[in-house]
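Chemist: Pasting in a structure now, in structure tokens, and then I'll have a few things to ask.
The values are calculated or read from the model by the stated rules, or taken from the named source; none is laboratory data. The structure presented is a predicted model; accordingly, all values stated were derived computationally and were not measured. Because the Cβ atoms are built from the backbone with ideal geometry, glycine has one as well, and the counts that use them run over all protein chains shown. Heads up: the accessible areas ignore ligands, DNA and RNA and are worked out on the full protein's heavy atoms, side chains in. Shrake-Rupley method; radii C 1.70, N 1.55, O 1.52, S 1.80 Å.
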Amino acid sequence: MGEKQTEVFVAKTEQQLEDVYRVRREVFVNEQGVPESIEIDDKEIDAVHFIVYVHNVPVGAGRFRMLEDVAKVERVCVLQDYRKHGVGALLMEKMEDVAKQKGVTKLSLNAQIHAEDFYKKAGYQTDSNTFYEAGILHVRMEKEL
């Protein structure tokens, strides 16, 4: 998955937002069994959404919301066939770059336990015990920018 064919955008167009929700629905609702009623929430309007395309196919998505001077990273996902190819790392880099442009000095997120090592490699530190969110075990993590 070379970088040239992989592009990460802040989702601004109607098509890009549709692609964000399609990727999230596939990963969270179809694959992980999260009820769609809680996967799509009332915070969508306040979030900055991101979409990853590989050869113009939507394969990854995420969002962050501003909570004072902290950006809360949420709904980060990559379609199963594209995992372990650097897509998630590129997505996180773009999210961090945009957060920095907005003057953010700290990012926080709730990581599913299976993704904790992925976020540690990206510089996040775990700062909580495990807890359940949407029926899935998570930990809270933070990163100073």
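Chemist: Rounded if a/c is under 1.5, else prolate if a/b beats b/c, else oblate: with a ≥ b ≥ c from the C-alpha gyration tensor eigenvalues square-rooted, which is the range 1-55?
Modeler: oblate
Chemist: Suppose each label sits 7 Å from its Cα in the direction of the beta carbon; what would the Asp46-Gln5 distance come out to in nanometres?
Modeler: Using points 7 Å along Cα→Cβ, the separation is 4.0 nm.
Chemist: Give the residue list of trypsin sites (Lys or Arg not before Pro) in the range 1-60 that are DSSP loop and have at most 11 other beta-carbon atoms within 10 angstrom.
Modeler: Lys12
Chemist: While we're here: Give the peptides 101-110, 125-134, 58-67 in descending order of average Cβ contacts within 10 Å, highest first.
Modeler: With the highest mean Cβ count within 10 Å placed first, the list reads 58-67, 101-110, 125-134.
Chemist: Tell me, rounded to the nearest percent, the portion of alpha carbon pairs in the chain spaced more than 19 Å apart.
Modeler: Here the tail beyond 19 Å accounts for 50 percent of pairs.
Chemist: Another question about this same structure. Excluding same-chain residues fewer than 8 positions from Lys84, which lysines have a Cα within less than 24 Å of its Cα?
Modeler: Once the sequence-local lysines are set aside, what remains near Lys84 is Lys4, Lys72, Lys94, Lys120, Lys121, Lys143.
Chemist: Okay, moving on. Per the helix-only calculation at 222 nm, which mean residue ellipticity applies to the chain, given -39500 (n - 2.57) for every DSSP H run of n ≥ 4 and division by its residues, nearest 500 deg cm²/dmol?
Modeler: Calculated at 222 nm, the ellipticity per residue is -7000 deg cm²/dmol.
Chemist: Classify the range 72-145 as rounded, prolate or oblate from the Cα gyration tensor: take a ≥ b ≥ c as the square roots of its eigenvalues, call it rounded if a/c is under 1.5, otherwise prolate when a/b beats b/c and oblate if not.
Modeler: oblate
Chemist: How much net charge surrounds Asp81 when only other residues with a Cβ under 14 Å from its Cβ are counted (Lys, Arg +1; Asp, Glu -1)?
Modeler: It works out to a net charge of 0.
Chemist: With a 1.4 Å probe and every protein chain left in place, work out the accessible area per residue of the chain in Å², rounded to a whole number.
Modeler: Per-residue accessible area for the chain comes out at 56 Å².
Chemist: Still on this structure: Could you compute Rg(Cα) / (2.2 N^0.38 Å) for the range 62-103, with N its residue count?
Modeler: Against the empirical 2.2 N^0.38 Å value, I get 1.26 for the range 62-103.
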